[in-house]
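The structure under discussion appears below in the form of structure tokens.
The values are calculated or read from the model by the stated rules, or taken from the named source; none is laboratory data. Since this is a predicted model, take the numbers as computed values, not measurements. FYI the Cβ positions are ideal-geometry reconstructions off the backbone, even for glycines, and counts take in every protein chain you see.
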Amino acid sequence: MRTNDSRNLNTEALNERRRQVVSCLNQGMTQKATGTLCGMAEGTVRKIKRLYAKGGLKAVLVKKDGRPIGKGRTLTSEQEKDAQKVIADRTPDQLKLPYALWNRNAVMEMIKKRYHRKLAIRSVGSYLKLWGYTPQKPLQRAYEQKPAAVRTWLDQTIPRSRSARKRKRRISTGAMKQACAAMTYVAGATRLGE
């Protein structure tokens, strides 16, 4: 297994290695020696030599993979900025949408109404994540709840009821042991006296 494998390099590092290959070949090094020195297979060195002969250094360099950042989005950058401003400044019911708070469905309808663009719910989630919005979970507690009363109940009432149950258990357990011992004694005496 090779330790200097160039398949795992980023584009800039790979292009630097390819420039080194061209430089070594121009200085008269063999393809095998160049491949060993630059960490590339002989076939790759041959390919680089052939590309350099046809189109120069520009033909040798690797282009960045993938689609450019921002390409393929449904909304333009101006529409994205405007949508962010609308979400930050207004509520959905102010825009005559049937929602009290912003969620993906509300944003999807706002975009459809405002920009005449239909987005999937997943795409709306991607936009919201890109804009820095995170899903929020509401607190699960009753509106009528009184925090001071709850704290008193947790701190005072529950410990008292637990200790009362323990005392009751101890009393009943002790009484049961005494009763069992007495019954055993009586039963043993009866057998002995027979």
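Selection over the range 69-88 of residues that are out of contact with any Phe, Trp or Tyr (no Cβ under 7 Å at 6 or more places or on another chain), polar (S, T, N, Q) and in contact (Cβ under 8 Å) with a residue 24 or more places away in the chain gives a count of 1.
When residues in the range 72-107 are screened for being in a loop (DSSP other than H, G, I, E, B) and either within 24 Å of the chain's Cα centre (by Cα) or surrounded by 10 or more Cβ atoms within 10 Å (Cβ to Cβ) (or both), 13 of them pass. Looking at the range 125-153 only, could you name the residues that are of a type in the set (A, V, I, L, M) and either surrounded by 11 or more Cβ atoms within 10 Å (Cβ to Cβ) or within 30 Å of Gln84 (Cβ to Cβ) (or both)? Listed by number, the residues that qualify are Leu128, Leu130, Leu139, Val150.
Yes/no per residue for (1) of a type outside the set (Ser, Thr, Tyr); (2) more than 30 Å from Ser126 (Cβ to Cβ):
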residue: Arg18; (1), (2): yes, yes
residue: Val22; (1), (2): yes, yes
residue: Thr30; (1), (2): no, yes
residue: Ile48; (1), (2): yes, yes
residue: Gly66; (1), (2): yes, no
residue: Pro92; (1), (2): yes, no
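Looking at the range 146-155, can you tell me whether even one residue there is modelled with pLDDT of 85 or more, outside the structural domain of Ala83 (by TED's automatic domain parsing) and hydroxyl-bearing (Ser, Thr, Tyr)? Checking the range 146-155: at least one residue is modelled with pLDDT of 85 or more, outside the structural domain of Ala83 (by TED's automatic domain parsing) and hydroxyl-bearing (Ser, Thr, Tyr).
Quick one: which of Gln27, Gln84 is closer than 30 Å to Leu9 by Cβ and of a type in the set (S, T, N, Q)? Let's see the steps before the verdict.
Values: Gln84 fails: closer than 30 Å to Leu9 by Cβ.
Result: Gln27 is the single residue among Gln27, Gln84 that is closer than 30 Å to Leu9 by Cβ and of a type in the set (S, T, N, Q).
Determine which member of the set Lys118, Lys137, Lys129, Lys63 is basic (Lys, Arg), part of a helix (DSSP H, G or I) and free of Cβ contacts under 8 Å to residues at least 60 places away in the same chain.
Sole residue among the options that is basic (Lys, Arg), part of a helix (DSSP H, G or I) and free of Cβ contacts under 8 Å to residues at least 60 places away in the same chain: Lys129.
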